[in-house]
1. Please go through segment 278-299 and give me each residue that is modelled with pLDDT of 95 or more, more than 12 Å from the ligand (Cβ to nearest atom) and not hydrophobic (A, V, I, L, M, F, W, C), ordered by number.
2. Name every residue in segment 246-259 that is touching a residue at least 40 places away in the same chain (Cβ under 8 Å), small (Gly, Ala, Ser) and surrounded by 15 or more Cβ atoms within 10 Å (Cβ to Cβ), in order of residue number.
3. What residue, among those in segment 225-242 that are in a loop (DSSP other than H, G, I, E, B) and within 13 Å of the ligand (Cβ to nearest atom), is farthest from Pro302 (Cα to Cα)?
4. Out of the residues in segment 91-131 meeting the condition of being farther than 14 Å from Cys340 by Cβ and charged (D, E, K, R), tell me which one is surrounded by the most Cβ atoms within 10 Å (Cβ to Cβ).
5. Mind checking whether some residue in segment 183-194 is in contact (Cβ under 8 Å) with a residue 12 or more places away in the chain and touching a strand residue (DSSP E or B) at 6+ places or on another chain (Cβ under 9 Å)?
6. Answer with yes or no whether Thr306 is surrounded by 24 or more Cβ atoms within 10 Å (Cβ to Cβ) and either within 16 Å of the ligand (Cβ to nearest atom) or at negative phi (or both).
7. Within segment 20-34, does at least one residue satisfy the condition of being touching a helix residue (DSSP H, G or I) at 6+ places or on another chain (Cβ under 6 Å), at pLDDT 70 or above, crowded, with 16+ Cβ neighbours inside 10 Å and not in a loop (DSSP other than H, G, I, E, B)?
8. Would you confirm whether or not segment 220-230 contains a residue that is more than 25 Å from Arg114 (Cα to Cα), among the hydroxyl-bearing types (Ser, Thr, Tyr) and in contact with a Gly (Cβ under 8 Å, 6 or more places away or on another chain)?
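The values are calculated or read from the model by the stated rules, or taken from the named source; none is laboratory data. What you are looking at is a predicted structure, and each value in this text was computed from that prediction instead of being measured. Because the Cβ atoms are built from the backbone with ideal geometry, glycine has one as well, and the counts that use them run over all protein chains shown.
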Amino acid sequence: MAASSAPPPLLPRLLALALTLAVVAVVVSAAAAARIRASVTPISRSLYHSSDSLLSDIKALVARHPDKLSMDTKIASNKGYSTELFIVTFNHVKESTANSSKIHVLLSFGQHGRELITSEVALHLLYILTEKHKIAGVDLSSFEKILENLVIKVVPMENLNGRKRVEEGELCDRRNGRGVDLNRNWSVDWGKKEKDYDPYEENPGTAPFSEPEAQIMRELSKSFKPHMWVNVHSGMEALFMPYDHKNTTPNGASAHLMRSVLENLNHRHFQDSCLVGSGGGAVGYLAHGTTTDYMYDIVKVPMPFTFEIYGDETATTSDCFKMFNPVDKTTFDRVINKWCMAFLILFEEGLRNLRDAQVVSEGGMDNFVPMGGDIVERSSAGKSSPDKRKLEGLDLGMQELRTYFRLFMLSTVLLMFMFCSRISKNRNRDAGNIFDT
Ligand SMILES: [Zn+2]
């Protein structure tokens with residue numbers, strides 16, 4: 001019988017080959033996905049505090065310095081979601097300086113959950129205000145006079161619930177505990193969406209001040225009436241002033257005052273290497289409903305700023321901890337020292353400029369010798385937006401998957417080609433056999 005002497009049927013063999021190729025494609029894709037996962041840097045627990053340990057260190061510090069520090073806890077809730085905020089107040093009590101002539105400074109750290117480095121700067125700054133008298137060997141005693149003229153309120157972890165999610169492994173999350181971006185929940189130009197609006201990153205909430213964190217911060221700003229506000233973030237390195245929701249800076253004397261403080265700080269401490277300007281103009285995208293725009297437009301803070309203190313441009317987009325936070329001890333220490341010194345110089349510049357502009361009264365500056373610029377490094381951080389870089393990274397991940405899909409399609413086409421040519425050969429052979437016999 002012709003059938004018994006024929007080679008094994010072609011179709012099952014081709015099916016087996018196709019199956020093998022499909023398995024190979026799946027394995028390769030899984031390996032690629034595993035590689036992407038493997039490149040994600042975890043939180044460096046040896047460098048970074050947990051939120052609990054950071055809080056207990058702050059409490060211990062406050063207990064050691066009741067003459068200079070005090071701490072309040074504020075709790076707020078809305079529609080089943082609640083949060084608490086810790087506010088540390090530094091007030092160097094001196095009979096010689098009346099509280100009414102002091103400059104009020106409000107600093108917030110950790111508004112975005114994934115930017116852990118900012119809260120480490122907050123803790124270190126509190127040490128410097130109380131018991132640490134040197135930064136990287138530089139004596140800070142000349143700043144004592146400045147500090148006597150300030151009341152500083154520090155919010156070390158504005159987004160405690162969001163930060164806890166990050167600590168549990170959601171390393172790319174910047175939002176609060178129920179998915180709202182706290183830097184989009186304020187009422188100035190709230191809810192407006194740009195073409196490149198990212199609903200994951202920039203969810204503004206259901207209404208202005210829908211979030212308890214923003215409610216507490218608004219109350220704090222209205223009761224404390226700061227002269228200077230700094231919203232401290234990471235993702236790049238920059239010194240921003242309003243506006244975030246348009247690509248211009250405000251007009252007039254107030255804008256001149258803000259710009260002069262930032263430019264002096266940039267010149268004295270960063271050798272002009274920092275990006276300075278309006279958030280909306282310099283960062284490359286507009287942001288609506290931000291805290292700094294509210295502080296300027298509504299609370300009328302004379303000097304409202306946003307500082308971006310660190311960013312790693314080389315980190316892949318899925319590697320959020322590395323993108324927003326230093327991961328080795330040398331860089332970690334350098335960033336903390338550099339920005340603590342930057343705050344001291346900012347206080348000095350702010351105090352002098354506010355008094356020159358007669359926003360606050362004179363006093364207490366007689367023996368001050370300006371310093372700074374000793375702890376300086378050139379900014380190696382890029383000027384591109386971290387959010388844009390994140391998108392680029394996602395694109396790269398998709399590209400990798402697309403490449404594997406193309407390879408799979410190519411092998412399928414090759415298989416089909418082999419299948420067709422084999423059939424045509426068989427037909428020719430069968431036809432030959434007919435002629436042969
Ligand atoms: Zn941020």
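1. Matches in segment 278-299: His288, Gly289, Asp293, Tyr294, Tyr296, Asp297.
2. Residue satisfying the conditions is Ser254 alone.
3. Taking segment 225-242 and keeping what is in a loop (DSSP other than H, G, I, E, B), we get 225-227, 234-235, 242.
If we keep only those that are within 13 Å of the ligand (Cβ to nearest atom) too, we end up with 234-235.
Values: Ser234: 23, Gly235: 26 Å.
Of everything passing the filter in segment 225-242, Gly235 is farthest from Pro302 (Cα to Cα).
4. Glu115
5. Within segment 183-194, the subset in contact (Cβ under 8 Å) with a residue 12 or more places away in the chain is 183-194.
Going one step further and asking which of them are touching a strand residue (DSSP E or B) at 6+ places or on another chain (Cβ under 9 Å), we end up with 183.
Yes, the conditions are met somewhere in segment 183-194.
6. Yes: the conditions hold for Thr306.
7. No - not one qualifying residue is present in segment 20-34.
8. Among the residues of segment 220-230, not one is more than 25 Å from Arg114 (Cα to Cα), among the hydroxyl-bearing types (Ser, Thr, Tyr) and in contact with a Gly (Cβ under 8 Å, 6 or more places away or on another chain), which makes the answer no.
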